[in-house]
Each structure stands twice: as structure tokens, then as C-alpha cells.
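Enquirer: First the structure, then my questions, so here it is.
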Amino acid sequence: MFTLVVMAAGLGSRFGGTKQLAQVGPNGEAFLDFAIADARAAGAGRVVLIVRSDIEADVRRHFAARGGLPHDLEVTYVRQDTYGPPRPKPWGTAHAVLSASEAVTGPFAVCNADDYYGASAYSTLAGAMQNMADDEAWLCAYRLGHTLPAEGVVTRGVCEVDGGRLIGIVEQEGISRADNQLPEDTLVSMNLWAFSPPFFDALRAGFTGFLEEHHQSPTAEYLLPHAVATHMQSDTLGVGVATTEEKWIGVTNPADLEAARRALRSR
């Protein structure tokens, strides 16, 4: 049994609203509804929802309107904006995970609230993390061609993998389906990870150093891929790569909604 940590505190500035709660499924589901259902089917017994104070009530109302969360799941809400120095813009995905440290015991998976990962991706990650060591993590990687929207450009974390182990991630911007220079089977990260609790100590130390450099910045972000890469380079964390053949679905702008809805209806 593991904990699912859902990062749902993003501002959704390009989307223009609370993207985490956008109705994308055929029955009004949001992406996070699929995440919770698929992780539960893969063995998750607890869910930690990382939110902002100003949207927590909306998230709770969303679940209440859908009849509530399954009774066999233990659910905890964590407010990212109350952890660390206050700032209008959240401090980033690594800070989001760190903010959940007091609510997590045992191995945990991390996902974005505004992405559809697919049921088999969670089962693949759950299988990989069964014997995960304290100094180990797992990334569920996707084929690049399975993550590109029909229109527009995206940024992807392009993975360097050797013998099933992650040895590097490079953020590559401006990738599009119409003008993609990379092979479609290139492995990329979509922020679907598994960690052991000692990783929180690494994140805590990393955030302290991050604040020393960026405490006055209104936009700098302490990002999860960067935090993972830092500890990989210091040989304090090894990362295994579990590959999924699922097709990712997501939205960046309001115009992407209908395409996402069509894709989910076809599932």
C-alpha cells in the first residue's frame, strides 16, 4: 500500500482558472478524479491533496458534488501556501511535495492534478516501488510521441536512461507535433514519481539552499526534476525508470479542453 500525493496548488495562469477542477471526463470528472481512482486500483490506500488556501473549499465541493471520495481511502488536505515564506506564486513542485512531508508515511507516488496518466501507468509505478530502498526513487516515463498535443508547443523533461536507470533529465522547450526533431519513442518525464520518506530530508535541505539564493524572487521555482537531479549528481539518490505505453492527456489553454474531452471519451 502506498500514498498518492497530488499536486493541485498550481495557479493555472495560462489556462485562466482552476485547471485542476476543469471537467474533462464524460461524467464531469476532473483529471484528479482519474488520478485518485487509478492509483486506488493500483494499491494506494491514502491520498494527500496539496492545494492552495484559496481553492481548498472549491476542491472539497467538487468531491462532495460527486458523492465524496471512496470511504476506504484516507484523505488529507495540505495547504502549500502555508509552508515556508508567503508568496503569491507557489514555490514550485519540489516545494509542493515538501509541504506534504508531515502527512506522508511510507512509500508515496507523486502526480500532477491536471494531467491524465492512465491506469496502467499507476500500476506500472506501483509494481516498481514495491521493493524501493530508502535511497531510491522511480520515474514513470512516457514515449514523447504519446505526450504531444495536436497543436501548440510544450516543454518536456527529456530523459537520459542507461540500463533502466535515470542518469539525467534536460528540460526542452518548444516541442510540437508539427515540428518535432526528437524520435517519438524518446523517454520523457511527466512528473509521475515514486519516493521513500527519507527523500523529504533531501528536499528540506535543498529548499533551504534555494531560499538563500532566491528568497526575494517573485517567480523562481524549486522544481522536482531539478531537486531529483541534484541528489542524483551527489550520489545520494538512485532513480529507476519504469516505462509506460499510456498516452498522456492534458490541457494548457482553454482551447485544449475539447480535445482532451474527446480523447477521454475514446478511453
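The values are calculated or read from the model by the stated rules, or taken from the named source; none is laboratory data. Keep in mind that what you see is a predicted model, and the values were worked out from it rather than measured. Virtual Cβ from ideal backbone geometry, glycine too; neighbours counted across all protein chains shown.
Yes/no matrix, rows are residues, columns are (1) farther than 25 Å from Met7 by Cα; (2) outside any strand (DSSP E or B):
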site: Ile169; (1), (2): no, no
site: Ile175; (1), (2): no, no
site: Ala178; (1), (2): yes, yes
site: Gln181; (1), (2): yes, yes
site: Val188; (1), (2): no, no
site: Asn191; (1), (2): no, no
site: Ala205; (1), (2): no, yes
site: Glu212; (1), (2): no, yes
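Enquirer: Here is a further query. Of the residues Thr76, Thr18, Thr105, which single one is surrounded by fewer than 23 Cβ atoms within 10 Å (Cβ to Cβ) and touching a Gly at 6+ places or on another chain (Cβ under 7 Å)? Step through it out loud before you land on a result.
Expert: Values: Thr76 fails: touching a Gly at 6+ places or on another chain (Cβ under 7 Å); Thr105 fails: touching a Gly at 6+ places or on another chain (Cβ under 7 Å).
The unique qualifying residue is Thr18.
Enquirer: May I ask you to list the residues in region 158-199 that are exposed (fewer than 11 other Cβ atoms within 10 Å of the Cβ) and among the polar types (S, T, N, Q)?
Expert: Across region 158-199, the qualifying residue is only Gln181.
Enquirer: Step by step: first the residues of region 39-58, then only those that are in contact with a strand residue (DSSP E or B) (Cβ under 7 Å, 6 or more places away or on another chain) and either at pLDDT below 95 or assigned to a loop (DSSP other than H, G, I, E, B) (or both), then the one that is surrounded by the most Cβ atoms within 10 Å (Cβ to Cβ). Which residue is that? Steps first, answer last, please.
Expert: From region 39-58, those in contact with a strand residue (DSSP E or B) (Cβ under 7 Å, 6 or more places away or on another chain) are 39, 43-53, 56; that's our starting set.
Add one more test, that the residue is either at pLDDT below 95 or assigned to a loop (DSSP other than H, G, I, E, B) (or both), and what stays is 43, 52-53.
On the way: Gly43: 16, Arg52: 19, Ser53: 11.
Looking at the filtered set, the residue picked out is Arg52.
Enquirer: Within region 107-162, can you find the residues that are without any contact (Cβ under 8 Å) to a residue 60 or more places away in the chain and in a strand (DSSP E or B)?
Expert: Val153, Thr155, Arg156, Val158, Glu160, Asp162
Enquirer: Evaluate the following for Val251: is it more than 21 Å from Asp33 (Cα to Cα) and touching a residue at least 24 places away in the same chain (Cβ under 8 Å)?
Expert: no
Enquirer: How many of the residues making up region 177-194 are touching a residue at least 40 places away in the same chain (Cβ under 8 Å), touching a helix residue (DSSP H, G or I) at 6+ places or on another chain (Cβ under 8 Å) and not charged (D, E, K, R)? Give the steps one after another, and end with the answer.
Expert: Applying the first criterion (touching a residue at least 40 places away in the same chain (Cβ under 8 Å)) to region 177-194 yields 184-194.
Of the ones still in play, those that are also touching a helix residue (DSSP H, G or I) at 6+ places or on another chain (Cβ under 8 Å) are 184-189, 191-194.
Pick out the ones that are also not charged (D, E, K, R) and you get 186-189, 191-194.
Count: 8.
Enquirer: Which of the residues spanning region 52-75 are in contact with a Leu (Cβ under 7 Å, 6 or more places away or on another chain) and of a type outside the set (Asp, Glu)? So that I can check it myself, show each step before the final result.
Expert: Just the residues of region 52-75 that are in contact with a Leu (Cβ under 7 Å, 6 or more places away or on another chain), to begin with: 58-59, 62-63, 75.
Val59, His62, Phe63, Val75, listed by residue number.
Enquirer: For a quick check of your reading of the model, give me the residue pairs whose first member lies in region 51-64 and is among the small types (Gly, Ala, Ser), whose second is not in a loop (DSSP other than H, G, I, E, B), with beta-carbon atoms closer than 9 Å and at least 6 apart or on different chains.
Expert: From region 51-64, the pairs are Ser53/Arg79; Ser53/Gln80; Ser53/Asp81; Ser53/Thr82.
Enquirer: Looking at Gly25, Gly84, Gly10, Gly68, can you tell me which residue is buried (at least 19 other Cβ atoms within 10 Å of the Cβ) and part of a loop (DSSP other than H, G, I, E, B)?
Expert: Working: Gly25 fails: buried (at least 19 other Cβ atoms within 10 Å of the Cβ); Gly84 fails: buried (at least 19 other Cβ atoms within 10 Å of the Cβ); Gly68 fails: buried (at least 19 other Cβ atoms within 10 Å of the Cβ).
When all the criteria are applied, what remains is Gly10.
Enquirer: Still on this structure, please answer the following. Conditions first: (1) more than 19 Å from Leu192 (Cβ to Cβ); (2) in contact (Cβ under 8 Å) with a residue 40 or more places away in the chain. Val24 passes all but one, so which condition is the exception?
Expert: Of (1) more than 19 Å from Leu192 (Cβ to Cβ); (2) in contact (Cβ under 8 Å) with a residue 40 or more places away in the chain, only one is false for Val24: (1).
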